[in-house]
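Asks: Input: one structure, supplied below.
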Amino acid sequence: MESVSNKPTESANGSYPRIAATATALPPYTITREDVKVYMGRVFDIPERRLEAMMSIVDNAQVHNRHAIFPLDYTIEPRPLSQTNNEYIEHAVKLGREVAEKCLERAGLQPADIDMIITVSCTGFMIPSLDAHLINLMGFRSNVRRMPFTELGCAAGAMALGRAADYLKAEPGGNVLIIAVELPSLTFQRKDISQANLISSILFGDGAAAVVVSGKQVKGPKILKTETYTFPDSLGAMGFDLRDSGFHILLAKDVPEMIGGKIGGLVQGFLDSNGRKREEIKGWILHPAERGCSETSRRNSACVSATPSHPGTFSGT
């Protein structure tokens, strides 16, 4: 569990990394909940009773709208892995650039002001990584430090916040840009009727987010401390299986129980080690599964993100 405490005691130099700005970017096409219901019956060859059960999950998920890089009719069509991966590279760079420019503008910074770029993505494959493409396109310094995260799944954004804070403690006064881009619509598998694939078809959408973490005295939530915990024996709980047809999601049904059995003790232990009590935390931002927390906006708030085999975030200001 990647953790950032809200203990108020200042360090010797009185400085902690701060979240200076955040931004998001979304592709142009929208998938509504009704679209999912209509297309699920058309696309997947599953018995009527199972289809009815999936329709109930669609309603209970409370995901009313999602975004996608392509229209739905094209998204559901089978395509070779080479084609979908080329689409991933094109649109990851496009969305990554858009969200990075927006975040830098909000922070009042230029690309040359960034000392480290951390990029986050696991729904495609690209070497050189996203950061290398953006260095050429946006005018980052040639000596900017790079840290691409490609295999940390849905909690990689949380890990990125921790590593940004670590870097800025070693290099005070610097700026780190975190860019997360995920395009799960490109992992859609119409012939896979596993529960994991059906659930992912209901939940996930495309998008990008960015954060500037600064070591300068700017306004924004402080990142005071980080801590990591990896759930033992959880390799098969969540992930991707790469086959000729593309990415097939792995999602064990006991993930909620696995996390639920440990998260309370982990959070309590972290609070205890930093001299805090639960009642002192005025707000919680919880990420139990699929998306990392990238923004904390309330005083004395905490963000907890946990997934098996991946770190999450616990943060406070």
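The values are calculated or read from the model by the stated rules, or taken from the named source; none is laboratory data. Computed from a predicted model, the values in this text were never measured in an experiment. Heads up, the Cβs are rebuilt from the backbone with ideal geometry, glycines too, and the neighbour counts pull from every protein chain shown.
Asks: For the range 153-252, please list each of the strands (runs of 3 or more DSSP E) lying entirely inside it that holds at least 2 residues being of a type outside the set (Gly, Ala, Ser) and out of contact with any strand residue (DSSP E or B) (no Cβ under 7 Å at 6 or more places or on another chain). Spell out how you get there, then give the answer.
Replies: On the way: elements: 175-182, 207-214, 238-243, 246-251.
Result: 238-243.
Asks: Looking at the range 43-86 only, could you name the residues that are touching a residue at least 24 places away in the same chain (Cβ under 8 Å) and part of a helix (DSSP H, G or I)?
Replies: 43, 54, 57, 58, 59, 61, 72, 75, 81, 84, 85
Asks: Follow-up question, since we're still on this one. What number of residues in the range 226-241 are farther than 17 Å from residue 156 by Cα and under 20 Å from the mean Cα position of the chain (by Cα)? So that I can check it myself, show each step before the final result.
Replies: Of all residues in the range 226-241, those farther than 17 Å from residue 156 by Cα come to 232-233, 236, 241.
Then drop every residue that is not under 20 Å from the mean Cα position of the chain (by Cα), which leaves 236, 241.
Within the range 226-241, residues that are farther than 17 Å from residue 156 by Cα and under 20 Å from the mean Cα position of the chain (by Cα) number 2.
Asks: Oh, and also: Here are some conditions: (1) buried (at least 20 other Cβ atoms within 10 Å of the Cβ); (2) farther than 12 Å from residue 210 by Cβ; (3) touching an Asp or Glu at 6+ places or on another chain (Cβ under 7 Å); (4) at pLDDT 95 or above. Residue 117 meets all but one. Which one does it not meet?
Replies: (2)
Asks: Let me ask another. Conditions: (1) in contact with a Gly (Cβ under 6 Å, 6 or more places away or on another chain); (2) crowded, with 17+ Cβ neighbours inside 10 Å. Residue 173 meets all but one. Number of the miss?
Replies: (2)
Asks: Turning to a different aspect of this structure: Determine, yes or no, whether residue 98 is of a type in the set (D, E, K, R) and surrounded by 13 or more Cβ atoms within 10 Å (Cβ to Cβ).
Replies: Taking the combined requirement at face value, the residue satisfies it.
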